[in-house]
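Some notes on the structure that comes next.
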Amino acid sequence: LKRGDTLLYLDKVSKSFDGFKAINDLSLVIAKGEMRAIIGPNGAGKTTMMDIVTGKTRPDTGDVYFRGDVDLTRHDEASIATMGIGRKFQKPTVFENHTVRDNLKLALAGTRGVFPALFHRGVKAERQRIDEILETTRLTDRRNAGAADLSHGQKQWLEIGMLLAQDPELLLVDEPVAGMTDAETEETARLLKEIARDHSVVVVEHDMHFVRALDVKVTCLHEGHVLAEGSLDAVSADPRVVEVYLGR
Ligand code: ADP
């Protein structure tokens, strides 16, 4: 795989906190258009890895390339956010006192909280894009509901929709199904698979039923590096993976 074909390329990245190696010589490649699931026990370094990609944390050593040649370690969090990398944290942060549609409008405006920016794109194009996102995120019927009245799962979908409104090439999604019902979890797998048709997606997730439903390549992190990588069946049958999950 040439670097030019990669969307995200972590090359021998390390990061210590007070002498403790949270990320240890981690190399990881996400191809353009790929969806990848990242698993691993608590403390494996998953959050720190996402923090490094988004510029929230600067690695001690190693490089992180986006689209082959942009070295993200040379950019700060605010500038990385404008490069086409969107992150969804575990806890939804929608605007509870706005409707679903207005939340998407605000996200589309790009300047959360400032309405006048809406008129940049033209009202019709904007309405179309919002309708598309409502469809994708299963919220068309809830478009006029207050965000506060959504179920937990629907709030997560709305937040995914708000990410989509920013039109990122790469979505980083942190434990999207935590706290969801089984039905919402299944729907989330379908929804992310649809999004992955024209985006690259990295999903950090503990729920193995969900990871199975995603049906994508899995990377298992442990002690800050890649312990195993491949299909979920192959990874979960790997004795080293079994040991780190059982040996805790
Ligand atoms: P995961 O998301 O896989 O559970 P994390 O990336 O959150 O793992 O954490 C990896 C290790 O790094 C943990 O041992 C954690 O305590 C440590 N760590 C993460 N962030 C910090 C920090 N800001 N200061 C000190 N230690 C940290």
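The values are calculated or read from the model by the stated rules, or taken from the named source; none is laboratory data. This structure is a prediction, so every number in the text was calculated from the model and none was measured. No Cβ is skipped: glycine too gets one built from the backbone with ideal geometry, and neighbour counts run over all protein chains shown.
Considering only region 190-209, I want to know if a residue exists there that is over 11 Å from the mean Cα position of the chain (by Cα) and crowded, with 22+ Cβ neighbours inside 10 Å. No, region 190-209 has no match at all.
His225 satisfies every condition listed in (1) away from the ligand (no atom under 15 Å from the Cβ); (2) touching a strand residue (DSSP E or B) at 6+ places or on another chain (Cβ under 8 Å) except (1).
Given the structure, is Lys12 among the basic types (Lys, Arg) and more than 14 Å from the chain's Cα centre (by Cα)? Full working, then the answer.
Numbers: among the basic types (Lys, Arg): yes; more than 14 Å from the chain's Cα centre (by Cα): yes.
Considered against the rule, which asks whether it is among the basic types (Lys, Arg) and more than 14 Å from the chain's Cα centre (by Cα), Lys12 comes out as yes.
Ala22 meets the conditions (1) of a type outside the set (Val, Ile, Thr); (2) assigned to a strand (DSSP E or B); (3) over 22 Å from Phe89 (Cα atoms) in every case but one. The failed one is (3).
Close Cβ contacts (under 6 Å, 6 or more residues apart or on different chains) running from residues in region 37-58 that are more than 21 Å from Thr188 (Cβ to Cβ) to residues that are within 8 Å of the ligand (Cβ to nearest atom) and β-branched (Val, Ile, Thr) comprise Gly45/Ile23; Thr48/Ile23; Asp51/Thr57. Remark: Arg87 falls outside the filter, which requires a residue to be away from the ligand (no atom under 12 Å from the Cβ), modelled with pLDDT under 95 and touching a Phe, Trp or Tyr at 6+ places or on another chain (Cβ under 8 Å). Here Met49 does not qualify as among the aliphatic types (A, V, I, L, M), touching a His at 6+ places or on another chain (Cβ under 9 Å) and within 26 Å of Ala237 (Cβ to Cβ).
Right, Lys15: buried (at least 18 other Cβ atoms within 10 Å of the Cβ), within 16 Å of the ligand (Cβ to nearest atom) and under 30 Å from Pro239 (Cβ atoms) or not? Taking the combined requirement at face value, the residue satisfies it. Apart from one condition, Arg138 fits all of (1) at negative phi; (2) in contact (Cβ under 8 Å) with a residue 12 or more places away in the chain; the exception is (1). Scanning region 113-159 for residues that are loosely packed, with under 13 Cβ neighbours inside 10 Å, part of a loop (DSSP other than H, G, I, E, B) and modelled with pLDDT under 90 returns Gly113, Val114, Gly122. Number of residues in region 18-36 that are free of Cβ contacts under 8 Å to residues at least 12 places away in the same chain and either more than 8 Å from the ligand (Cβ to nearest atom) or crowded, with 22+ Cβ neighbours inside 10 Å (or both) equals 1. Pick from region 41-79 the residues that are aliphatic (A, V, I, L, M) and within 14 Å of the chain's Cα centre (by Cα): which of them is farthest from the ligand (Cβ to nearest atom)? The selected residue is Val53. Taking residues in region 175-187 that are crowded, with 19+ Cβ neighbours inside 10 Å, and partners anywhere that are of a type in the set (Ser, Thr, Tyr) and assigned to a helix (DSSP H, G or I), the pairs with Cβ atoms closer than 6 Å and at least 6 places apart or on different chains are Pro176/Thr188; Val177/Thr185; Val177/Thr188.
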